[in-house]
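The next block holds one structure in the form of structure tokens; read it before the comments.
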Amino acid sequence: APKVEVSEWISGTTPAASDFEGRALVIEFWATWCAPCRLSIPHMNRIANELAGDAVTFVAITDEKPEIVTAFLQTIPIDGYVGCDIDRSMHSAFGVKGVPRAFLVNADGILCWQGHPMSLTSEALRSFVRDGIGPTIRTNSNKADGESLPVLSSTLYSLTVNHSVIDLDARESGMTMT
């Protein structure tokens, strides 16, 4: 998986390398203006609190300016590290085209899953952290642009739940994807 590097960390302290090394990572890409993202925050906070003693680090990454995110966090806090990816290098490195989008990286730094954050459960994530291996992924080659995107093919997570995703390329025009 790509190394976690952002323009600025805005919640709590700046993470040390030890906060990421040898630990599972839950990385969520989100935005303050994104209604589905706002809805997933309490869900992800609950999971972060339930797994507080486990070897997992939660990271929330947005491409917005720090002052916007700081104001937002006063109203709706996020449990975990929150970083601003102003140049969108992390978004590009992870291939994020819409939000919300969550990724699971195991303790060895291997990307094991990606999907909607509401698809995660504390039980499945605890199993992921404990076993050190993620659900099996396969490649979706049905994309029109020929790009391959890992998708979940495990029963640990529900794929039948439909969640809204905002297309970052279309947000300026007001278009959204569901």
Point to revise | Gained length - residue 19 relative to residue 5, 0.36 nm times residue gap less alpha-carbon distance | key: 3.8 nm
Check your understanding: List the chymotrypsin sites (Phe, Trp or Tyr not before Pro) in the range 4-60 that DSSP assigns to loop (not H, G, I, E or B) and whose Cβ has at most 14 other Cβ atoms within 10 Å. Which are they?
Key -> 33
**Study point:** Loop-located trypsin sites (Lys or Arg not before Pro) in the range 43-111 whose Cβ has at most 14 other Cβ within 10 Å (DSSP)
**Key:** 88
Exercise for review: Could you do me a favour and compute the accessible area per residue for the range 15-68, 1.4 Å probe, result in Å²?
Suggested key: 40
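The values are calculated or read from the model by the stated rules, or taken from the named source; none is laboratory data. Remember, it's a predicted structure, so these values are computed and weren't measured experimentally. Glycine also receives a Cβ, built like all others from the backbone with ideal geometry; neighbour counts cover every protein chain displayed. SASA here: full protein model, heavy atoms, side chains in, ligands and nucleic acids out. Shrake-Rupley method; radii C 1.70, N 1.55, O 1.52, S 1.80 Å.
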